[in-house]
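The values are calculated or read from the model by the stated rules, or taken from the named source; none is laboratory data. Only a predicted model underlies this, so the values are computations on that prediction, with no experimental measurement involved. Here the Cβ positions follow ideal geometry from the backbone for every residue, glycine too, while neighbour counts run over all protein chains shown.
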Amino acid sequence: MFRSTSRRGFTLIELLVVIAIIAILIGLLLPAVQKVREAAARAKCSNNLKQLALALHNYHDAYQKLPLGFRDAGDKENNVAFVDRHRENWFQVCLPYMEQGAAYNLYMADTTGRNADGNQYIHQMTGAEVTTIVPIMNCPSDGQAPGKGANGGTTSFQGSYAVCAGGVSWTSNGTTTTAGQLDTASTDPGGMFYRMSKVRITDVQDGSSNTLMASEGIIRKNGSGGWGELGGFWGGAPHGAYAFSTFQLPNTSTWDRVYTCKGADSTGRTTVPGAPNGAPCESGSTLNLPGRWNFARSYHTGGVNSVMGDGSVRFIQNSMDLRTYQAMGTRSDGIVTSNQ
Amino acid sequence: MRVFCVRAAWVLVAAATVGCSGGGNTATVTGKVTFEGEPVKDGSITFKVGPAGKGFSATIKDGSYTAQVEPGDAVVEITASRPSGKFDTSNPGEKTPIGEMYIPKKYNTSSTLKETIKPGSNEKSFDLKK
């Protein structure tokens, strides 16, 4: 019985137990590391939205109004029709306030993209400003950011954020809505930004701290064509790209409906594997469906980052009350909402 | 010892299953969609629940769909398109094929289809007419 005194090594059982304990510890640790990473990305993302809100407010200080949502061919100012830079939206006019003065100067001096009829379209421009990546417009939680495309082309910059066009669905006694309120490409869906909008902060009668200014979206197939997915600022604006709608909750399973979705198959529809609820999108043009809208979407757990009209950043849960959300999206609905 | 191990394993499996099944109070809705007797090949179905119209969408493939919907009274919107051979040129420099939506408006943009979704599983089939 001298074995016990001269024992040097470990038995197999002891080794297996140690290995099992280590495995369990690693198993506990790994998800925690991933969560920390996502929390950091979410913090960066909310900081980006804060910067965007500051840019919009600085524009308001300079011009006494918020930037336009977008404009398209045929729009007029003081009865004079625009001929230059059709489809311009808030993103371009805010460039100087996002430390992109050089890109803005290039943009204003760009003479490319003019058609035979004299009209200039920004999606046909070829200057360097079109591919310039604006750092604060990219959400680090989205593996596809910084994006490209969503304006018919495959190279121009696509951001992760867009402004709020509004969206409220109960007109009287719970009847269903008209397409005009839903459609972000229509004249005024009720938010702080829409076609040819010039909203002043004082026009936001619900109070700027109760009204959504901007939120985020998901970049689908990066670098493919498509028109109008959220953030496709270089030409996709009239097809829905400039804004999101509060008609449905963030990360809804309801389809985004833009002109054409990136990566849509022959059925005109597409989803993103791994995105919350698949981030579904249907091509309104291919399917001949009326109305254009994007909903707020993100890869953050349980909701989206959003910034209110007063510049405060909030995390909006997917599970919040839809009516409250819709009332938050509109600037002067007069509806009192709790839980804002 | 072996009996204990097996029992412990079951407890672990049960805990993992319970832990993952939390969240989401949606019901499953399945069914068939036909138009003029023919199954709808490629389409979309959306349930808009409650007075605010909370939307839940699913794809219709070869006449069948499976959707996750919150229980309640829902307005149902069904769309389906087929190629028309026409093109849209509203984007200068590009021609985009446009389709033809062949489901009447009374089933989508101004839908009159109403259904009540119960918790659990539901079977809702629709036979649409011109």
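Couple of notes before you dig in:
- Some residue of the range A:312-324 being out of contact with any strand residue (DSSP E or B) (no Cβ under 6 Å at 6 or more places or on another chain) and more than 14 Å from chain B (Cβ to nearest Cβ): yes
- Any hit, the range B:82-98, residues being touching a Lys or Arg at 6+ places or on another chain (Cβ under 7 Å) and among the acidic types (D, E): no
- Scanning the range A:232-250 for residues that are closer than 25 Å to B:E94 by Cα, assigned to a loop (DSSP other than H, G, I, E, B) and in contact (Cβ under 8 Å) with a residue 60 or more places away in the chain turns up A:G232, A:F233, A:W234, A:G235, A:G236, A:A241, A:Y242.
- Extreme residue, nearest to the other protein chains (Cβ to nearest Cβ), among residues of the range A:128-142 that are crowded, with 16+ Cβ neighbours inside 10 Å and part of a loop (DSSP other than H, G, I, E, B): A:S141
- Condition met for B:V69 (surrounded by 14 or more Cβ atoms within 10 Å (Cβ to Cβ), at the interface with another protein chain (Cβ under 7 Å from one of its Cβ atoms) and of a type in the set (A, V, I, L, M, F, W, C)): no
- Given (1) buried (at least 21 other Cβ atoms within 10 Å of the Cβ); (2) touching a Phe, Trp or Tyr at 6+ places or on another chain (Cβ under 9 Å); (3) of a type outside the set (V, I, T), index of the condition B:K95 fails: (1)
- Filter result for A:R257 (within 15 Å of B:S57 (Cα to Cα), in contact with an Asp or Glu (Cβ under 6 Å, 6 or more places away or on another chain), surrounded by fewer than 24 Cβ atoms within 10 Å (Cβ to Cβ) and at pLDDT below 95): no
- Screening the range B:22-57 for residues that are in contact with a Ser or Thr (Cβ under 8 Å, 6 or more places away or on another chain), touching a residue at least 24 places away in the same chain (Cβ under 8 Å) and of a type in the set (G, A, S) and picking the one that is farthest from the other protein chains (Cβ to nearest Cβ) gives B:G31.
- Residue in the range A:274-285 that is in contact (Cβ under 8 Å) with a residue 12 or more places away in the chain, in a loop (DSSP other than H, G, I, E, B), within 21 Å of B:S90 (Cα to Cα) and at the interface with chain B (Cβ under 8 Å from one of its Cβ atoms) present: no
- Residue match in the range A:215-226 (condition: surrounded by fewer than 24 Cβ atoms within 10 Å (Cβ to Cβ), modelled with pLDDT under 90 and on the phi > 0 side of the Ramachandran plot): yes
- Evaluated against (1) within 11 Å of another protein chain (Cβ to nearest Cβ); (2) of a type in the set (S, T, Y); (3) in contact with a Gly (Cβ under 7 Å, 6 or more places away or on another chain), A:T267 falls short on exactly one condition, (3).
- Among the residues of the range A:184-203, those identified as at pLDDT below 90, over 16 Å from the mean Cα position of the chain (by Cα) and part of a loop (DSSP other than H, G, I, E, B) are A:S186, A:T187, A:D188, A:P189.
- Residue in the range A:57-74 that is more than 28 Å from A:I136 (Cβ to Cβ), of a type outside the set (K, R) and surrounded by fewer than 16 Cβ atoms within 10 Å (Cβ to Cβ) present: yes
- Complete set of residues in the range A:292-302 that are surrounded by fewer than 21 Cβ atoms within 10 Å (Cβ to Cβ) and either of a type outside the set (S, T, N, Q) or touching a Leu at 6+ places or on another chain (Cβ under 8 Å) (or both): A:G302
- The residues of the range B:62-107 that are part of a loop (DSSP other than H, G, I, E, B) and either under 19 Å from the mean Cα position of the chain (by Cα) or aromatic (F, W, Y) (or both), listed by number, are B:D62, B:G63, B:E70, B:P71, B:Y102, B:I103, B:P104.
- Put simply, of B:I60, B:I98 the only residue that is at the interface with another protein chain (Cβ under 9 Å from one of its Cβ atoms) and closer than 18 Å to A:A264 by Cα is B:I98.
- Restricting the range A:143-163 to residues that are at pLDDT below 95 and in contact with a Phe, Trp or Tyr (Cβ under 6 Å, 6 or more places away or on another chain), the residue that is farthest from the other protein chains (Cβ to nearest Cβ) is A:S156.
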